[in-house]
Amino acid sequence: MLVLITYDVSTMSREGQRRLRKVSKLCQDYGQRVQHSVFECVVDATQFAKLKMQLIDIIDEEQDSLRFYQLGNHYKNKVEHVGIKAALDMEGPLIL
């Protein structure tokens, strides 16, 4: 399923900057960045549950926020892109 993850992490302190790096790194492990604080992740239910819990453990709920949009398995009809930085086909062949 495709999950869109957005986050806003307060970077007013060193601790906040560290949380931001951790959130970004973890999201990169599961998907691709499509905007500064937005990731598209193709995951199964178990991976999503694990990722969600790890992110919740990182953030400070008094200062930061996370949003999870579950677009499901038939997401290709639900995502439209206009402009630069076309998205990679996460399920396609990996050619370097």
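The values are calculated or read from the model by the stated rules, or taken from the named source; none is laboratory data. These numbers were taken from a predicted model, which means no experiment stands behind them. Methodologically, a virtual Cβ is constructed for each residue, glycine included, from the backbone with ideal geometry; neighbour enumeration extends over all protein chains shown. Just so you know, the surface numbers come from the protein's heavy atoms only, side chains and all, with ligands and any DNA or RNA stripped out. Shrake-Rupley method; radii C 1.70, N 1.55, O 1.52, S 1.80 Å.
Checking each residue in the range 1-57 for being assigned to a helix (DSSP H, G or I), open to solvent by 60 Å² or more (accessible area, probe 1.4 Å) and touching a helix residue (DSSP H, G or I) at 6+ places or on another chain (Cβ under 8 Å) picks out 22, 47, 54. Kindly provide the set of residues from the range 11-56 that are of a type in the set (Lys, Arg) and under 19 Å from residue 70 (Cα atoms), ordered by number. 33, 50, 52, listed by residue number. Among the criteria (1) open to solvent by less than 100 Å² (accessible area, probe 1.4 Å); (2) in contact with a strand residue (DSSP E or B) (Cβ under 7 Å, 6 or more places away or on another chain), the one residue 60 does not fulfil is (2). The C-beta contact set for the range 1-25 (first residue touching a residue at least 12 places away in the same chain (Cβ under 8 Å) and within 13 Å of residue 54 (Cβ to Cβ), second residue open to solvent by less than 60 Å² (accessible area, probe 1.4 Å) and part of a strand (DSSP E or B), distance under 6 angstrom, 6+ apart or interchain) comprises 5/39; 5/68; 7/66; 23/7. The residues in the range 58-91 that are modelled with pLDDT under 95 and in a loop (DSSP other than H, G, I, E, B) can be counted, and the count is 16.
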